[in-house]
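Undergrad: Have a look at the structure that comes next, please.
The values are calculated or read from the model by the stated rules, or taken from the named source; none is laboratory data. If you're wondering where the values come from, they're calculated on a predicted model, not measured in any experiment. Cβ placement follows ideal geometry from the backbone for every residue including glycine, while neighbour counts extend to all protein chains displayed.
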Amino acid sequence: MNLRHPLILASNSPRRQQLLREAGFGFEVYTEQVDESYPDSIEKTGVGEYLARKKSAFYGKKISNAIIVTADTTVVLDNQLLEKPADEKEAFEMLTRLSGRSHDVITGVCIAAPDGLDSFSVSTRVTFKELANDEIDYYISNYKPFDKAGAYGIQEWIGMIGITGIEGSYFNVVGLPIQEVYQRLLKYRL
């Protein structure tokens, strides 16, 4: 799809890049390390959108006359954020907490264009079966989920064998609510 301005995806996530490409968009990828800290006063369900806006402000100072898409995906369980695990032990603890329970995956997105800013969040409810310790160990050993909030990727083995229910957008859990992004980018097409 051709847009009035160049499209920039400010994310090093291969999953986000794949989803945007498969939705028919041509774009460039920009990646720089952005501070992902946030105030403790923010509701856990709003952290993703806060960080997407923060990333957008960072890239907006460096890029002009373009449409910049930024995003951040969070996993919320019992009003606590499960961020990217630091190591195998933390990944095991997170997956053990998710086992046999439902949680929310919330992706905050910010679309910054020369004529304005649009930010939003999409939430998806995900339910895991009771995961056996050897299943969790196998997944961590073989898939190394250290770059994923909540220590899992729905599109990977653990999602195939462990997720029993999903309410909302599957692609949101992958990392980008592409249907919503697509709809919002339509207003910029040629």
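Undergrad: Across region 140-178, what is the number of residues that are in a helix (DSSP H, G or I), surrounded by 22 or more Cβ atoms within 10 Å (Cβ to Cβ) and of a type outside the set (A, V, I, L, M)?
TA: Of the residues in region 140-178, 4 are in a helix (DSSP H, G or I), surrounded by 22 or more Cβ atoms within 10 Å (Cβ to Cβ) and of a type outside the set (A, V, I, L, M).
Undergrad: Do any residues in region 135-148 that are under 12 Å from A86 (Cβ atoms) have Cβ atoms under 9 Å from those of residues that are at pLDDT below 95 and hydroxyl-bearing (S, T, Y), where the two are at least six apart or on different chains, and which pairs are they?
TA: Once the first residue is under 12 Å from A86 (Cβ atoms) and sits in region 135-148, its partners that are at pLDDT below 95 and hydroxyl-bearing (S, T, Y) give D147/S13.
Undergrad: Another question, if that's okay. Would you please name the residue that is farthest from I63 (Cα to Cα), looking only at residues in region 30-44 that are touching a helix residue (DSSP H, G or I) at 6+ places or on another chain (Cβ under 6 Å) and not hydroxyl-bearing (S, T, Y)?
TA: In this case the residue turns out to be I42.
Undergrad: Which members of region 20-56 meet the condition of being assigned to a loop (DSSP other than H, G, I, E, B), touching a residue at least 12 places away in the same chain (Cβ under 8 Å) and of a type in the set (A, V, I, L, M, F, W, C)? Quick ask: steps written out before the conclusion?
TA: Just the residues of region 20-56 that are assigned to a loop (DSSP other than H, G, I, E, B), to begin with: 23-27, 30-43.
So of that shortlist, the ones also touching a residue at least 12 places away in the same chain (Cβ under 8 Å) come out as 23-27, 30-32, 34-36, 38.
Hits for region 20-56 are A23, F25, F27, V34.
Undergrad: Right, next: Please go through region 1-16 and pick out each residue that is free of Cβ contacts under 8 Å to residues at least 24 places away in the same chain and either assigned to a loop (DSSP other than H, G, I, E, B) or surrounded by 17 or more Cβ atoms within 10 Å (Cβ to Cβ) (or both).
TA: First pass over region 1-16, keeping only residues free of Cβ contacts under 8 Å to residues at least 24 places away in the same chain: 12, 14.
Passing the criteria: only N12.
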